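Asks: Could you have a look at this structure, given as structure tokens, before my questions?
The values are calculated or read from the model by the stated rules, or taken from the named source; none is laboratory data. All values reported here derive from a predicted model rather than from experimental measurement. For neighbour counting, all protein chains shown are included, and Cβ atoms are generated from backbone atoms with ideal geometry for every residue, glycine included.
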Amino acid sequence: MRTAVEELLDRYPKATLMDIYKTMYQDRFGVAHILAEREVMRRYIAKEVALTSGECESYYEPCGWRGEYVRVDLRAVRDGLLSADELADMLIETASLADDVTATEWQQEWATICEVCDDLVVDLDDYDSDSQTLSQLAIECQTVHHSDSYREAYNPHYRIVHRSLLGL
């Protein structure tokens, strides 16, 4: 847990507790909460690829501390490593691989992550308000968007795929 948070903060120094929660949530739940029809996903991926810019440090980045899921940067589609069709198929397959996790299990896991990493995160921007908000969202087993500071600094465009589908 601690190593995953350290790596995230090293790579994304503008990240907040909200962004840590998001990556941990993604690694626990995958994409089941956003599954849509294949053709809709493919069109949305193709549209969002047009919003990507710049070079890509890493096309594939593990989520969370478990490493079950990987963020696939949409520049991988832009740069021809994958097609929008291939990525849409991976998303559908990823949704079928999701574990059943109860709200209580997620709440306990999030509390453990916070406890283990408290000294790493206590000085992050918006820590106090994010901590309270995220504790409530964990009880409700809800996801979040990236923080404004993260979006502004890193302009993230990615999809979550189970690592086994990338041969990782």
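Asks: What about Trp106, is it closer than 21 Å to His145 by Cα, surrounded by 21 or more Cβ atoms within 10 Å (Cβ to Cβ) and not basic (Lys, Arg)?
Replies: Values: closer than 21 Å to His145 by Cα: yes; surrounded by 21 or more Cβ atoms within 10 Å (Cβ to Cβ): no; not basic (Lys, Arg): yes.
Spelling it out, it is not the case that Trp106 is closer than 21 Å to His145 by Cα, surrounded by 21 or more Cβ atoms within 10 Å (Cβ to Cβ) and not basic (Lys, Arg).
Asks: Right, here's the next one. From the list Asp79, Asp89, Asp100, Asp73, which residue is surrounded by 15 or more Cβ atoms within 10 Å (Cβ to Cβ) and more than 17 Å from the chain's Cα centre (by Cα)? Full working, then the answer.
Replies: Working: Asp79 fails: surrounded by 15 or more Cβ atoms within 10 Å (Cβ to Cβ); Asp100 fails: surrounded by 15 or more Cβ atoms within 10 Å (Cβ to Cβ); Asp73 fails: more than 17 Å from the chain's Cα centre (by Cα).
After ruling out the rest, the residue left standing is Asp89.
Asks: What about Gln142, is it out of contact with any Leu (no Cβ under 7 Å at 6 or more places or on another chain) and under 30 Å from Glu39 (Cβ atoms)?
Replies: Details: out of contact with any Leu (no Cβ under 7 Å at 6 or more places or on another chain): yes; under 30 Å from Glu39 (Cβ atoms): yes.
Yes: the conditions hold for Gln142.
Asks: Moving to a separate point now. Restricted to region 1-21, and to residues that are outside any helix (DSSP H, G or I) and aliphatic (A, V, I, L, M), which residue is farthest from Glu109 (Cα to Cα)?
Replies: Here is the first cut: in region 1-21, the ones outside any helix (DSSP H, G or I) are 1, 12-16.
Now narrow it down to the ones that are aliphatic (A, V, I, L, M): 1, 15.
Numbers: Met1: 10, Ala15: 20 Å.
So the residue we want is Ala15.
Asks: I would also like to ask the following. With respect to the numbered conditions (1) within 20 Å of His162 (Cα to Cα); (2) at pLDDT 90 or above, which one is the sole condition not fulfilled by Leu17?
Replies: (1)
Asks: Still on this structure, please answer the following. What are the residues in region 45-60 that are within 21 Å of Ala15 (Cα to Cα), in contact (Cβ under 8 Å) with a residue 40 or more places away in the chain and buried (at least 16 other Cβ atoms within 10 Å of the Cβ), if any?
Replies: Thr52, Tyr60
Asks: Filter region 117-136 for residues that are more than 16 Å from the chain's Cα centre (by Cα) and surrounded by 13 or more Cβ atoms within 10 Å (Cβ to Cβ) and give the result. Break it down stepwise before answering.
Replies: The initial filter retains those residues of region 117-136 that are more than 16 Å from the chain's Cα centre (by Cα), namely 117-133, 135-136.
The answer is Cys117, Leu120, Val121, Leu124, Asp125, Asp126, Tyr127, Asp130, Ser131, Thr133, Ser135.
Asks: Further question on the same structure: Condition (residue is among the hydroxyl-bearing types (Ser, Thr, Tyr) and farther than 22 Å from Asp118 by Cβ) applied to region 7-24: is it met by at least one residue?
Replies: no
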